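Data block below; observations after.
The values are calculated or read from the model by the stated rules, or taken from the named source; none is laboratory data. Just so we're clear, the structure is a prediction, and the values are computed from it rather than from any experiment. Note: ideal-geometry Cβ built from the backbone for every residue, glycine included; neighbour counts use all protein chains shown. Note: accessible area is taken over every heavy atom of the protein model, side chains too, but ligands, DNA and RNA are not part of it. Shrake-Rupley method; radii C 1.70, N 1.55, O 1.52, S 1.80 Å.
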Amino acid sequence: MTVSALPHRNRDEWARRGLLWAAVGILVAQPLVSLVEAVASWPGPAWSAVVFCVVIGPAVAIPAGLFASRRAPPTAQPHWKWIVLAVAVMGGWSLAYFALGALSEGRGMVRLHTPLDDLIPLWTPSIWIYLTYFWLMITPYLYPGRLTLRRAALANLAMLTVVGCAFLAMPVVMDRPVVGDATLSRYALSILQASDPAHNCFPSLHCANALLAGLLLRETGTRFWPLGVGYALLIAATTLTTKQHWVADVGAGLAAAVVVWLVVFRPWRARAGPS
């Protein structure tokens, strides 16, 4: 039986799982580029690395993932509402990030440099892991399980409030090194530096949203949520090895994610069903 011949609910379930595994494919493919760049150089132009990450990765992951999850119980939550939330989260956070950066432009900036920052080297191949943040951030919404739409939206609004107030109250600027474009990873990092405000630093939004995504995976009910949390911590490490953030930014971002999760989901309470 083809997917088009399945009942509507089953087609919706296949689409939901397909999107999830597409994100997983990208989450796996981009670190592979980091590994290649760490030992040699990418064997092709920049566009070939993009194709590998966003086309080849999902092309391998989707059929493998659908086969592996073919007996998984379906979720009853409407798919389109979660897709809208995922798009709103990615677009809304990007808009808010640049808007807050514009509001802080020209103000007195703080530097949170510590001796520990000097001990962490610049490792440009980690930029590919750093960029997987966007895919990890929306992964919980692609297959939400027992996560409810209201709680997911509330967690994002709470995070926006915490981070936005911190950005406006104390603009922190990062001294970013000039990396050039001698390698594919340096080229990618230089593009990021050219488009990313250097003063939206404290707390690290990258770290906050990545860890929140890992904790939201816990709320979906998947037993693999520790992998999401571990991957979020890996992304947090790359904010340091790409010299996008100070150590203090990272600690504050991770702390913000934990606080928002504790306040919104109150994990110490016994579950009494969706709310």
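Scanning segment 49-107 for residues that are open to solvent by 80 Å² or more (accessible area, probe 1.4 Å), within 18 Å of Leu216 (Cβ to Cβ) and touching a residue at least 60 places away in the same chain (Cβ under 8 Å) yields a single hit, Lys81. Would you confirm whether or not segment 146-164 contains a residue that is surrounded by 22 or more Cβ atoms within 10 Å (Cβ to Cβ), not in a helix (DSSP H, G or I) and not aliphatic (A, V, I, L, M)? No: segment 146-164 contains no residue that is surrounded by 22 or more Cβ atoms within 10 Å (Cβ to Cβ), not in a helix (DSSP H, G or I) and not aliphatic (A, V, I, L, M).
Consider segment 224-270 and keep the residues that are of a type in the set (D, E, K, R) and part of a loop (DSSP other than H, G, I, E, B). The one that is least open to solvent (accessible area, probe 1.4 Å) is Lys243.
The residue that is surrounded by the fewest Cβ atoms within 10 Å (Cβ to Cβ), counting only those in segment 123-142 that are of a type in the set (Ser, Thr, Tyr) and under 11 Å from Ala86 (Cβ atoms), is Thr139. Contact map, segment 173-197: first residue under 17 Å from Pro121 (Cα atoms), second residue open to solvent by 60 Å² or more (accessible area, probe 1.4 Å) and not in a loop (DSSP other than H, G, I, E, B), Cβ cut-off under 9 Å, separation 6 or more or different chains; pairs are Val179/Arg186; Val179/Tyr187; Gly180/Arg186; Gly180/Tyr187. In segment 174-193, the count of residues that are open to solvent by less than 50 Å² (accessible area, probe 1.4 Å), of a type in the set (Ser, Thr, Tyr) and in contact with a helix residue (DSSP H, G or I) (Cβ under 6 Å, 6 or more places away or on another chain) is one or more.
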